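Trainee: Handing you this structure, nothing more for now.
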Amino acid sequence: MTSRQISKKQDPGPGDLPPTAWAVLGLLSFPGERTGYELKKWADASLRFFYWSPAISQIYAELRRLESLGYAASRRSGPEEPRTKRQYAITEAGRAALAEWADSAGDVGPPVLKHPLVLRVWLGHLADPERLRERVEDHIARTRGELKEVRDALARAGGVADWAHPQVALRWSERQHLAELELAEAMLADLDGLGTLGPPGTPSPRRPPGTPSPGRPPLGTPPPGTPPRQGAGGPLTQG
């Protein structure tokens, strides 16, 4: 077998592309050229709210793969610079392949749920009751912050025709974060309702439902600086 045959055998075809490759190609499907760094920023401001944001190394690996398949093309943005950045854009072949994949009849499968906090609560019979409660409160605070980021992204995307479907996905993410807050606060109430939170025989003081730990904001407090739902328009990321 020749080296050319080996290379051809090892090169993945369109059907072998992982979801991350399609996600990166999807980022390129919107108007404009972008560097790998800009794609990472964009993924952090959009994809991570409902899927995930690939690491910068993964993005560059997928860009190389997509370019080798003819699905993406790149050019140097400044040949005179010592460390020239490359701008990437989707090709017609890439757009056709992405459209076929997005419209394929195959089952997309159920969402994968891995909730580290719920796993810790599941093992709560081995945990310190107050530490377990603080973990839930930390999760609530973090979710509030993420909800604000989702709403910021919605405000930036508002009124831009090219972002109609991303706005639908972001509105779903907003509702999902609101539901996550409700579930976490209900979990706190459930923990407060237990006579014993720790190992069998370990008593725990019962805290009235909705009462925060010392130094923490009351539950249900909206995220500070939450912008109104309607924005003035613009891309999902700035700069």
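Trainee: Do you know which residues across segment 129-168 are assigned to a helix (DSSP H, G or I), small (Gly, Ala, Ser) and at pLDDT below 95?
Mentor: Passing the criteria: ALA153, ALA155, ALA157, ALA161, ALA164.
Trainee: Condition first: surrounded by 14 or more Cβ atoms within 10 Å (Cβ to Cβ) and more than 23 Å from TYR51 (Cβ to Cβ). Now tell me which residues in segment 106-124 satisfy that.
Mentor: The answer is ARG120, VAL121, GLY124.
Trainee: May I ask you to list pairs of residues, at least six apart or on different chains, whose Cβ atoms are under 6 Å apart, with the first in segment 98-120 being in contact (Cβ under 8 Å) with a residue 40 or more places away in the chain and the second being among the hydrophobic types (A, V, I, L, M, F, W, C)?
Mentor: Listed pairs, sorted by first residue: LEU98/LEU25; TRP101/TRP22.
Trainee: Continuing with this model, one more query. Quick one: in segment 86-120, which of the residues that are modelled with pLDDT of 90 or more and β-branched (Val, Ile, Thr) is farthest from TYR60 (Cα to Cα)?
Mentor: Going through the qualifying residues, I end up with VAL118.
The values are calculated or read from the model by the stated rules, or taken from the named source; none is laboratory data. All figures in this text were calculated on a predicted structure; none of them were measured in a lab. Positions of Cβ are backbone-derived with ideal geometry, glycine not excepted, and every protein chain shown enters the neighbour counts.
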